[in-house]
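Working notes for the structure below.
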Amino acid sequence: MSPEILSPERPFSLWNIHGLFGSGAVLLSETNSTHAYMKEHIRELPPGTVVVADTQNQGRGRHERTWISPRGKNLYFNTLIPLDSIPQKNYSGFTQITALTLASVLEESGVKTSVKWPNDLLWNEHKICGILSELFFMNHRPLLSMGIGLNVNSEAPDYQDLDRKAASLSMILSKKLNREVLLNQILRKIEHSLREFAENGFTPWLEAWKKMENFAGREARVIRGETVLTGTIAGINDDGSLQFKTPDEKIISVYSGDLEI
Ligand code: BTN
């Protein structure tokens, strides 16, 4: 863990955040959701821009779930990623490699997480980080808005009304972390990973992905809109899609959806 990450945090208004690929950052003391903000302002924001909020009053997760976003405790941000020259079949890989990249940053900070397909970070089955992605086309240019919520310094009472298990880095480490330092570390790593992914696709990530326990053998449900599939997690294909065993012992590949274990 770098010593700066344990240094006392500066007030949010003084944060110096560098966006991706030389772009800037928008800092919002409060917003409904950085994801909604990005969507609303996508025409004005250069690719690479990062939108960060100190709190969200309508933070949302996948399937319209609420994302608990207490002020001054966690990281809530969206990045706008240009996808020019990336084959469309690789778009979903971006969120998966971002999840792997986040897992490696957290491991450097002393917290070993598992990535649950496609992109949830869990510690001991407690959710610690979630990613929400949405694809946009601006003048026919594809752009991915990737919203990341990372529980950094939140405490158990923040999750008392939640029906799922959640944890934060400080609950695990018993230390408060400097969110500004952590966010810049994350953004630099994501930038590096995205460049690598654009050049070499998912293959170099496969080993890292397969190292994650991935819950193989666990009974699970794949939720795709209104459709729910019940079965067993069998593994991960070379393109990052999920191998899922249906009750009639057929192995199918799942390219998108949500996995509930
Ligand atoms: C999930 O696992 O369900 C995805 C959670 C994504 C939460 C982040 S926080 C920043 C951005 N703004 C939002 O309202 N949601 C995403």
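The values are calculated or read from the model by the stated rules, or taken from the named source; none is laboratory data. This one's a predicted model, so the numbers in the text were calculated from it and none came from an experiment. Reconstructed Cβ throughout: ideal geometry from the backbone, glycine too, with neighbour counts over all protein chains shown.
Listing for the model above:
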read-out: Matching residues, segment 18-44, being away from the ligand (no atom under 13 Å from the Cβ), in contact (Cβ under 8 Å) with a residue 60 or more places away in the chain and in contact with a Ser or Thr (Cβ under 9 Å, 6 or more places away or on another chain); value: Gly19, Leu20, Ile42
read-out: Qualifying positions in segment 64-88 - closer than 28 Å to Glu226 by Cα, of a type outside the set (S, T, N, Q) and more than 7 Å from the ligand (Cβ to nearest atom); value: Glu64, Ile68, Pro87
read-out: When residues of segment 177-212 are limited to those that are surrounded by fewer than 16 Cβ atoms within 10 Å (Cβ to Cβ) and either polar (S, T, N, Q) or under 27 Å from Leu27 (Cβ atoms) (or both), the one modelled with the highest pLDDT; value: Arg188
read-out: Residues being out of contact with any Pro (no Cβ under 9 Å at 6 or more places or on another chain), assigned to a loop (DSSP other than H, G, I, E, B) and surrounded by 17 or more Cβ atoms within 10 Å (Cβ to Cβ) - total across segment 18-41; value: 1
read-out: Single condition Phe21 does not satisfy, out of (1) farther than 25 Å from Arg224 by Cβ; (2) at pLDDT 95 or above; (3) not β-branched (Val, Ile, Thr); value: (2)
read-out: Yes/no for Ala216 being modelled with pLDDT under 95, of a type outside the set (Val, Ile, Thr) and either in contact with a Pro (Cβ under 7 Å, 6 or more places away or on another chain) or part of a loop (DSSP other than H, G, I, E, B) (or both); value: yes
read-out: Residue that is surrounded by the most Cβ atoms within 10 Å (Cβ to Cβ), among those in segment 1-17 that are touching a residue at least 40 places away in the same chain (Cβ under 8 Å) and assigned to a helix (DSSP H, G or I); value: Ile5
read-out: Wholly enclosed strands (runs of 3 or more DSSP E) of segment 97-151 bearing at least 3 residues crowded, with 21+ Cβ neighbours inside 10 Å; value: 120-123, 126-138, 141-150
read-out: Test: residue in segment 192-199 that is in contact with a strand residue (DSSP E or B) (Cβ under 9 Å, 6 or more places away or on another chain) and aromatic (Phe, Trp, Tyr); value: no
